[in-house]
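Worksheet for the structure shown next.
The values are calculated or read from the model by the stated rules, or taken from the named source; none is laboratory data. Predicted model only: the values in this text are computed from it and were never measured. Every residue, glycine among them, receives a Cβ derived from its backbone with ideal geometry; neighbour counts consider all protein chains shown.
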Amino acid sequence: MNTIFEQAEIDALKYYVYCLVDPRDKCIFYIGKGLGNRVFDHAKDAISCDDKTLKLDKIREILSIGLNVEHYIIRHGLDSEREAYNIESTIIDLLTYSKFNTSTFLTNIVAGHHQWNEGIKTTNEIIQLYRCQKLVLRPGHTLLMVNLNQTYNQKNCKDEYVRPNLYESTRKYWHLNKKIADNVDYVLGVYKGIVRLVIKPTTKWELATHDENGEPYKTSRYQIEGITDDIEGNNLYLNKSVADYPFPYRGAIRYIKS
């Protein structure tokens, strides 16, 4: 099996969008974009490092039984990274949108890029997004937004992403800067560009050593306790659009400070 592109192939491909496929059931489990030999890097990472992610664990499982991940180039010859982002995002949305698909499970960490205002939505969600008021930061407040793309629709969640309720989805398990996070006034659970839950912290962020299944984390993850019935916080931030504060590319958290 070829695991490297030669220069002539790289020149022809330019930017491209690809998928990784499980050879056992022919199901796509990862969508990505890249240049050069990016499509092959994941299998190499699974062998050379011990990081624990859904994607790498899936690849290791395939390799452990003597099979190889299948690689498909979905679209190539793209002139810009932004064009690749847009195609990648659209494919991820189509494969993960709960109304269309209840079986495909991607190991991508987050949903499509800019999904908070450009991804798949019902017409009612479009109205909700663009008619709801935009979030206005109260002077003196520091906010921590957390991206709930992986846990908001629990009927499609598996393994460590299973949560009993929205509060549990919002309060854990986040990779963050504890020194900064301990000083935020509110934690905002965001899904599809709208604040769905506001937590006023009542504790400092505590280190979480294991996920929901008891598997140890290899990187620092944190959780917090708080209240969700804070009148001021809900009046200021609940059901507000955060279109002016997009998450960074592939980012799950964002701080907002006045």
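Kindly state which helices (runs of 4 or more DSSP H) lie completely within the stretch 1-66 and contain at least 1 residues that are among the small types (Gly, Ala, Ser), farther than 30 Å from HIS210 by Cα and assigned by TED's automatic domain parsing to the domain that holds SER89. Steps first, please.
On the way: elements: 7-13, 38-48, 54-64.
Helices (runs of 4 or more DSSP H) meeting the threshold: 7-13.
Take the residues in the stretch 36-62 that are loosely packed, with under 14 Cβ neighbours inside 10 Å and hydrophobic (A, V, I, L, M, F, W, C), then tell me which one is farthest from the chain's Cα centre (by Cα).
ILE47
Condition test on VAL195, is it under 14 Å from the mean Cα position of the chain (by Cα) and either within 19 Å of LYS240 (Cβ to Cβ) or not in a loop (DSSP other than H, G, I, E, B) (or both)?
For VAL195, the condition - under 14 Å from the mean Cα position of the chain (by Cα) and either within 19 Å of LYS240 (Cβ to Cβ) or not in a loop (DSSP other than H, G, I, E, B) (or both) - is not met.
Quick check: is even one residue across the stretch 231-244 within 30 Å of CYS49 (Cβ to Cβ) and out of contact with any Pro (no Cβ under 7 Å at 6 or more places or on another chain)?
Residues of the stretch 231-244 that are within 30 Å of CYS49 (Cβ to Cβ), as a first pass: none.
The answer is no, given that none of the residues of the stretch 231-244 is within 30 Å of CYS49 (Cβ to Cβ) and out of contact with any Pro (no Cβ under 7 Å at 6 or more places or on another chain).
Assess whether ARG163 counts as being modelled with pLDDT under 95 and more than 21 Å from LEU54 (Cβ to Cβ).
On the way: modelled with pLDDT under 95: yes; more than 21 Å from LEU54 (Cβ to Cβ): no.
Answer is no for this residue.
If you scan the stretch 225-240, which residues turn out to be surrounded by 16 or more Cβ atoms within 10 Å (Cβ to Cβ) and out of contact with any Ser or Thr (no Cβ under 6 Å at 6 or more places or on another chain)?
From the stretch 225-240, those surrounded by 16 or more Cβ atoms within 10 Å (Cβ to Cβ) are 226, 228, 230, 233-234, 236-238, 240; that's our starting set.
Correct list: THR228, ASP230, GLY233, ASN234, LEU236, TYR237, LEU238, LYS240.
Mind listing whichever residues of the stretch 208-243 are within 21 Å of the chain's Cα centre (by Cα) and assigned to a strand (DSSP E or B)?
Within the stretch 208-243, ALA208, THR209, HIS210, PRO216, TYR217, LYS218, THR219, SER220, ARG221, TYR222, GLN223, SER241 meet the criteria.
The rows are residues; the columns are (1) surrounded by 12 or more Cβ atoms within 10 Å (Cβ to Cβ); (2) modelled with pLDDT of 90 or more; (3) part of a helix (DSSP H, G or I); (4) within 17 Å of the chain's Cα centre (by Cα).
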position: HIS76; (1), (2), (3), (4): yes, yes, no, no
position: GLU83; (1), (2), (3), (4): yes, yes, yes, no
position: GLU88; (1), (2), (3), (4): yes, yes, yes, yes
position: LEU95; (1), (2), (3), (4): yes, no, yes, yes
position: ASN101; (1), (2), (3), (4): yes, no, no, no
position: THR104; (1), (2), (3), (4): yes, no, no, yes
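Determine which single condition GLN150 fails, assuming it passes every other condition in (1) in contact with a helix residue (DSSP H, G or I) (Cβ under 7 Å, 6 or more places away or on another chain); (2) in a helix (DSSP H, G or I).
Against the list (1) in contact with a helix residue (DSSP H, G or I) (Cβ under 7 Å, 6 or more places away or on another chain); (2) in a helix (DSSP H, G or I), GLN150 comes up short only on (2).
Quick one: would you say ARG221 is out of contact with any Ser or Thr (no Cβ under 7 Å at 6 or more places or on another chain), closer than 17 Å to ARG163 by Cα, of a type in the set (Lys, Arg) and at pLDDT below 95?
Details: out of contact with any Ser or Thr (no Cβ under 7 Å at 6 or more places or on another chain): yes; closer than 17 Å to ARG163 by Cα: yes; of a type in the set (Lys, Arg): yes; at pLDDT below 95: yes.
In short, yes.
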